[in-house]
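Every read-out reported here was derived from the displayed coordinates using simple, explicitly stated rules and does not represent laboratory data. Being a predicted model, the structure only gives us computed values, none of them experimental. All Cβ positions, even for glycine, are placed from backbone atoms using ideal geometry, and neighbour counts span all protein chains on display.
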Amino acid sequence: MPSLQIRDLPEPLHRLLQLRARVHKRSLSQQALADLESIAGGDPRQRRQRALERIAARWCDSQPPTWSATPEDLIRDDRQR
């Protein structure tokens with residue numbers, strides 16, 4: 001797994017990160033990772049799942065499309081061209 005090292009972290013930022021870690025009962029590394037993940041938009045799998053849920057919600061409210069011809073009719077017409 002890749003790692004990241006941050007040098008010359010300002011003291012106020014370090015204290016803030018430590019405080020946030022204590023409040024959330026996490027280690028400093030876990031808190032830094034959680035903060036970076038939230039800034040970057042979160043876990044890609046969770047973002048994808050939320051997008052799929054929004055799409056499903058939209059489709060539940062709408063009527064399915066209706067077609068003027070069956071697939072067989074379309075294929076038959078295409079073969080006759």
Ranked by how many other beta carbons lie within 10 Å on average, peptides 26-39, 8-21, 50-63 from highest: 26-39, 8-21, 50-63
Dmax and Rg, reported as Rg then Dmax, of segment 1-60 (C-alpha, Å): 16.2, 52
Cut-off 17 Å (backbone N to label point 7 Å along Cα→Cβ of E11), residues of segment 19-54: 19
